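Note sheet for the following structure.
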Amino acid sequence: MPLSRRKRVVLVEPDDALHLLAQEDPDAQVYYLEQTGEIFQSYEAYAARMSFYHSKQFQCEVTGKSGLDYFEALSSERQEATVLHSRFSQPLKPAVLKAVQWQVMGRLDHLVEAVYERFKDRYFKDERVLVDLSGTKYFARIEKVYPPRSTLDANEREDRLQTDMSSSSFTAEEGIPHLIGGDLKTPIKAANAKDDPVKYFYWVSILEPERNSDKAKAAAAAKGPDPEAPVKSLMEVQCGVMSRDRLSFSKSILRRFIRDCVDRDAAVASPWTVKPLVAKRFGVDSVMPEDTRKGVENIKKGEIDKRKKVWEAKEGPPTKKQKKMTAAQEEKARVAAAKKEAAEKEAERLAAEKKKKKPVRYPTEDLDVTLSEKDKKAGMKTQRPVPSRTLLPFNDTPGTFESFLMSWNFLVAHGHPLHLSPFTLDEFENAIRHNLYDPPCPMLGEIHSTLVYVLRTVTSQKDTSALSFERESRADEPVLGVSLDQLRETLDETGNNWERVPLRTSEGREGWEEAMIGCLRCHATSEAFPRLREIFTFLLFECDMPSASFREASPPARANGDATPAVTALPADRYALLPATDRIAILSFICNVAVSSKAIHAHMETCEETLTALRKEKIEVNRSKKQFTEEMNSLLEQSQTQTQESAEPENGKGDDEDIDMGAILIDDSDLSASDSGSETASGRGKSQRGTLRERMREKQVSQKRAAAEQHRLEEELGKLERRLEGIEREFRKMLGAVRVRPLGKDRFHNRVWWFDGLGSTSVVGSGGAISYGTGRIFIQGPSAFDKELVDMRPGIDERRIEEEGEDGTLEVDEWGVYTEPEEVDELIAWLNSRGNRELALKNAVTKWLPLVTPGIRKRQADLQAHIKQPEVTRRSTRMKNMAGYDISREPYMLWVNRRAVNNGS
């Protein structure tokens, strides 16, 4: 079992209240933890237990590895146990377990040592061993074991072996092997005297030579088969030439095996006991014999008496009637007692201060980190910037913004398999809000057409001949003035050719509205798409779309039973009037279905392969970077050494003892030709000056070479740094196409998102220019599970208000946004790096900040350039119809799908 603070984790047993509940109400709802089999009556107890299991405070009992959660430690134990039991000698297991059963030893190491000494020279039938024959080791299997009391000679044992080779039991004449020697209750000397392992004989079957190394294998292959090798032969040996493979029997593996198979109570002098399931499997008696029980009780009693004596010796014997002390003796005893009491109090005070001043290891749990007055005076930000909820597109209707953001991310991340050029979130928002059928929005046509093409490859399990509207509670009542029969009749004539209609780019994707309706008929149901009937009705008939819920605003039937005549319409004309919330709902549903298409699956697999290749390349680049760095450091050390040597003052003589430095200063013009001494000095001076010039020239050449090498290494390192940055961006792109992850979580488990540079988009252009997809940082409230964990903290509501602000506290899965670079800087300043989550989040935001901030500024510049402020005032139809306003010049109307295939797919 996994350990927590060096103690085994005890599973929660069902309490009396749970048993009573099961008797009174067998169908009552409870919370079941599948991994451990625990049952909880309340969700709070279940969540608290799950939080305990997911904390990184557990230790694998087998390997000793710590810092794991409960399930990781349990998996590690199971994996190690599987490897252990496959390696440990199978025939040896019952003997070892029977030997350790009911043994009273304080430490596991002592028990392991005793078992190892008893069984290192004792072997059992069917064991796989190594036999040393004239210096060559062979793998062999033990076929027969002859205890030392056998009186049979070698010939008789050979005859017995041939006639009784298949027998797995021993006769009374031969005796049970190692019966006395394997008993740990008998001292080892007495056991060896009565059951000496050296006197055992073993019939073994030689299997093959040992191959321990590649050199041995190569030598054996070059030498060829040995005709004298005793492979596949039977022979009689003794323990002196036998041994076990260290992977199957050693003190370390024996310790792990015993630890995995036995247990012991915490009481004094408790015996080691084999676990019940293990004992049943290997035939170990689980009922303690009476004599063994009495022996254990005697040992326990003796140990308790021993400790009692030690305690009495330390504290003194029980108080007896003593002689009356004199006044001086009483005063002396009183002073001694007072000193002892004062010393004990001082020791307790020092221990308390030491415990109080024990330093906290950072980073730690974020909610355990609080700002001190010193931190506040140092300028640490105490409150997180308040994210805006009003600047989120379509955030008036619950769930609409999430669907809008998810649809945009899917279309952009999988732009390559969808054959869609990237577009910004602002352009996508304006396209969704486009409510004119003339001119039409080309982006909407391209998006829906490419999704229709993808969904043609997705098999539908739905019968398209009938709609499932009958399951609705008001299926017989008209919706938007149109009965269900009228809707079906019109639907039967719409979108039937959606799987074959070309939808060409050159023709403006004409007919995509009817193809979309046919696609929804094939894949959507009223259960998966609750507003399906209302949308179909609005797109196929002339009717008004109410602002409130369609169900509540549906016109009532007339008293005489006559329904309002329904006028059919073209979907191409009606889609421009469809509310934005329904457009988003359609796109969200189609994107969810498109995830299961072959094109998207193939793209994800390609991204996974690319991620693997990028990981390998990053390792190689880092290795090269380390090598260049070491070369630069070595070159720098050499340069510093040369500089120090050249700066050392001359002490009379230089490297060349024959050079007279004073002669170098002699000028040739001052020398007389007739002075032979001067001629000699002049010749020596010229020679010395030439030597010095040569040395200076060599030094300059060496410095130039070093500088050139330094420059080359710096350039190589710069290239590697740029490549690492490119790998990081490419890795983010590929990972964003497979699974989108937040940058991290803050102390209250709010998730911070940045969606730029994912999938088919890039935040850095070919010329190094920064681009953007959203140009914002989003923050999402905690999940329901995380919120419950946070709420368990006492006083957490007051702390959230203090550190997030009354308007900044986000509810479960609620969204907010930061649109200004200064807000992002304030967010980074608010994050506390002493917490685990916020340290990781701060590192991630800081890592991408050189791309986040330029993207935000570029978006602001684009909004100002196009005089387009969707966060403040939305463009209205009246503005679009104003004289001189050309909507076709808007950026979202100028978008062109450069990835579109010629045939329109």
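Among the candidates Ser449, Ser421, the residue that is surrounded by 13 or more Cβ atoms within 10 Å (Cβ to Cβ), part of a loop (DSSP other than H, G, I, E, B), in the same structural domain as Arg504 (by TED's automatic domain parsing) and out of contact with any His (no Cβ under 8 Å at 6 or more places or on another chain) is uniquely Ser421. Would you be able to say whether some residue in the stretch 521-532 is assigned to a helix (DSSP H, G or I), more than 44 Å from the chain's Cα centre (by Cα) and modelled with pLDDT of 85 or more? Checking the stretch 521-532: not a single residue is assigned to a helix (DSSP H, G or I), more than 44 Å from the chain's Cα centre (by Cα) and modelled with pLDDT of 85 or more. A search for C-beta distances below 7 Å between a residue of the stretch 730-750 that is closer than 19 Å to Phe778 by Cα and any residue that is basic (Lys, Arg) and not in a loop (DSSP other than H, G, I, E, B), counting only pairs 6+ apart in sequence or on different chains, returns Pro742/Arg751; Gly744/Arg837; Lys745/Arg751; Lys745/Arg837; Asp746/Arg837; Arg747/Arg837; Phe748/Arg800.
Kindly establish whether Ile447 is at pLDDT 95 or above, out of contact with any Pro (no Cβ under 9 Å at 6 or more places or on another chain) and not polar (S, T, N, Q). Steps first, please.
On the way: at pLDDT 95 or above: yes; out of contact with any Pro (no Cβ under 9 Å at 6 or more places or on another chain): yes; not polar (S, T, N, Q): yes.
In short, yes.
Of all residues in the stretch 829-843, those being surrounded by fewer than 17 Cβ atoms within 10 Å (Cβ to Cβ) and part of a helix (DSSP H, G or I) number 3. Among the residues making up the stretch 60-100, those that are in contact with a Lys or Arg (Cβ under 7 Å, 6 or more places away or on another chain) and of a type in the set (A, V, I, L, M, F, W, C) are Val62, Leu68, Leu84, Ala99. Looking only at the stretch 758-777, residues that are of a type in the set (A, V, I, L, M, F, W, C) and either in a loop (DSSP other than H, G, I, E, B) or touching a Cys at 6+ places or on another chain (Cβ under 8 Å) (or both) come to 3 in all. Only one of the numbered conditions (1) of a type in the set (A, V, I, L, M); (2) surrounded by fewer than 18 Cβ atoms within 10 Å (Cβ to Cβ); (3) modelled with pLDDT of 95 or more is violated by Ile796, and that is (3). Look at Glu822 and say whether it is surrounded by 16 or more Cβ atoms within 10 Å (Cβ to Cβ) and in a helix (DSSP H, G or I). Taking the combined requirement at face value, the residue does not satisfy it.
Only residues that are crowded, with 21+ Cβ neighbours inside 10 Å and either in contact with a helix residue (DSSP H, G or I) (Cβ under 7 Å, 6 or more places away or on another chain) or not in a strand (DSSP E or B) (or both) were counted in the stretch 128-143, giving 1. Please tell me if Tyr53 is among the hydroxyl-bearing types (Ser, Thr, Tyr), touching a helix residue (DSSP H, G or I) at 6+ places or on another chain (Cβ under 6 Å) and not assigned by TED's automatic domain parsing to the domain that holds Ala140. Against the criterion (among the hydroxyl-bearing types (Ser, Thr, Tyr), touching a helix residue (DSSP H, G or I) at 6+ places or on another chain (Cβ under 6 Å) and not assigned by TED's automatic domain parsing to the domain that holds Ala140), Tyr53 qualifies.
One residue alone among Thr846, Thr809 is in a helix (DSSP H, G or I), of a type in the set (S, T, N, Q) and without any contact (Cβ under 8 Å) to a residue 24 or more places away in the chain, and that residue is Thr846.
Out of Arg160, Arg259, which single residue is assigned by TED's automatic domain parsing to the domain that holds Val100, surrounded by 15 or more Cβ atoms within 10 Å (Cβ to Cβ) and modelled with pLDDT under 50? First the steps, then the outcome.
Details: Arg259 fails: modelled with pLDDT under 50.
Being assigned by TED's automatic domain parsing to the domain that holds Val100, surrounded by 15 or more Cβ atoms within 10 Å (Cβ to Cβ) and modelled with pLDDT under 50 holds for just one of Arg160, Arg259, which is Arg160.
Checked against (1) part of a helix (DSSP H, G or I); (2) of a type outside the set (A, V, I, L, M); (3) modelled with pLDDT under 75, Glu698 meets all criteria but (3).
The set of residues from the stretch 424-446 being in a loop (DSSP other than H, G, I, E, B) and either touching a strand residue (DSSP E or B) at 6+ places or on another chain (Cβ under 8 Å) or over 16 Å from Asp756 (Cβ atoms) (or both) comprises His434, Asn435, Leu436, Tyr437, Asp438, Pro439, Pro440, Cys441.
Here's the yes/no breakdown for (1) of a type outside the set (Phe, Trp, Tyr); (2) in contact with a helix residue (DSSP H, G or I) (Cβ under 7 Å, 6 or more places away or on another chain); (3) assigned to a helix (DSSP H, G or I); (4) touching a residue at least 24 places away in the same chain (Cβ under 8 Å):
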{"position": "Tyr575", "(1), (2), (3), (4)": "no, yes, yes, yes"}
{"position": "Ala585", "(1), (2), (3), (4)": "yes, yes, yes, yes"}
{"position": "His601", "(1), (2), (3), (4)": "yes, no, yes, no"}
{"position": "Glu608", "(1), (2), (3), (4)": "yes, yes, yes, yes"}
{"position": "Phe628", "(1), (2), (3), (4)": "no, yes, yes, yes"}
{"position": "Ser634", "(1), (2), (3), (4)": "yes, no, yes, no"}
{"position": "Gln642", "(1), (2), (3), (4)": "yes, no, yes, yes"}
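The stretch 1-100 holds helices (runs of 4 or more DSSP H) entirely within its bounds, and those carrying 1 or more residues that are in contact (Cβ under 8 Å) with a residue 60 or more places away in the chain and within 25 Å of the chain's Cα centre (by Cα) map to 43-54, 70-87. Restrict the check to the stretch 146-157 and report whether at least one residue is outside any loop (DSSP other than H, G, I, E, B), surrounded by 13 or more Cβ atoms within 10 Å (Cβ to Cβ), modelled with pLDDT under 85 and not hydroxyl-bearing (Ser, Thr, Tyr). Checked against the condition, which is being outside any loop (DSSP other than H, G, I, E, B), surrounded by 13 or more Cβ atoms within 10 Å (Cβ to Cβ), modelled with pLDDT under 85 and not hydroxyl-bearing (Ser, Thr, Tyr), the stretch 146-157 yields at least one hit.
Within the stretch 73-100, being among the charged types (D, E, K, R) and either modelled with pLDDT under 85 or surrounded by fewer than 17 Cβ atoms within 10 Å (Cβ to Cβ) (or both) holds for Glu77, Arg78, Glu80, Arg87. With respect to being within 20 Å of Arg264 (Cβ to Cβ) and modelled with pLDDT of 90 or more, Tyr116 fits the description.
The values are calculated or read from the model by the stated rules, or taken from the named source; none is laboratory data. Note that this is a predicted model, so its numbers are computed, not measured. Reconstructed Cβ throughout: ideal geometry from the backbone, glycine too, with neighbour counts over all protein chains shown.
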